[in-house]
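Data first, discussion second: the structure below is written as structure tokens.
The values are calculated or read from the model by the stated rules, or taken from the named source; none is laboratory data. On a predicted model such as this, the values are computed, not experimentally measured, just so you know. Neighbour counts run over all protein chains shown; Cβ positions are idealised from the backbone, glycine included.
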Amino acid sequence: MIYSLQGVLESLGPDQVAINIGPMSLQVFSPTSTISVLGSPGDRVRLHTYLHVKEDVLALYGFATTDERDLFVTLIGVSGIGPKLALALLSAMSPRSLAVAIAGGDTQQLTQVSGLGKKMAGRLVLELKGKLEREWGEAVGIPGPDYDEVVAALSALGYAPSEARTAISRVRLEPDAPLEEKVRAVLQSLGTG
């Protein structure tokens, strides 16, 4: 396993980079979020990598952060999600946003990614929801089941459930606080309270 690599950036493409690591250069596939922070050709770079081995293909994938790499590996573990679609997901959303969308069951946001249909978005949620809640829950503030009443109250005020869950994930709510206080805190974060 190639855990990371460091070298000189030779060229940038829409979904790949070439990195010189001495006597050779490696082609590394990356999400646009990583490519956008690498700099210019000639700069020294370091990528966290994953070597994807398939019957007749060896492909190296590189990421700016370990969170991106780890989420990529989790995504390609889902049947029907290949490296290309996993890169598209990570190009469209930050790892935190993607984890919140999957753990929150927000298939509407997921299907906005090119190449991801409703059925596959549902499969992602079904297979990864619990895992991402365990692995990313505290880090991203994924709303738990005890916030269903807050989502319902915000929905009654005209917010989409996905929008409500995303807003809840950005606010630190006291679990024992009254419902009105929780709703007020979320509305303030939305700029309408």
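The single residue among E55, E68 that is surrounded by fewer than 19 Cβ atoms within 10 Å (Cβ to Cβ) and either touching a Leu at 6+ places or on another chain (Cβ under 9 Å) or over 26 Å from V100 (Cα atoms) (or both) turns out to be E55.
Taken over region 163-192, the criterion of being of a type in the set (S, T, N, Q), closer than 19 Å to D106 by Cβ and surrounded by fewer than 19 Cβ atoms within 10 Å (Cβ to Cβ) is satisfied by S189 alone. For region 89-115, a tally of residues being more than 17 Å from E68 (Cα to Cα) and either small (G, A, S) or assigned to a helix (DSSP H, G or I) (or both) returns 7. Can you confirm whether region 116-134 contains a residue that is in a loop (DSSP other than H, G, I, E, B), under 16 Å from S169 (Cβ atoms) and either in contact with a Leu (Cβ under 7 Å, 6 or more places away or on another chain) or modelled with pLDDT under 85 (or both)? No, there is no match, as no residue in region 116-134 is in a loop (DSSP other than H, G, I, E, B), under 16 Å from S169 (Cβ atoms) and either in contact with a Leu (Cβ under 7 Å, 6 or more places away or on another chain) or modelled with pLDDT under 85 (or both).
Listed here are the residues, each with its yes/no results for (1) closer than 23 Å to V113 by Cα; (2) in contact with a helix residue (DSSP H, G or I) (Cβ under 9 Å, 6 or more places away or on another chain); (3) part of a strand (DSSP E or B).
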| residue | (1), (2), (3) |
| --- | --- |
| I2 | no, no, no |
| L5 | no, no, yes |
| S11 | no, no, yes |
| P14 | yes, yes, no |
| S33 | yes, yes, no |
| R46 | no, no, yes |
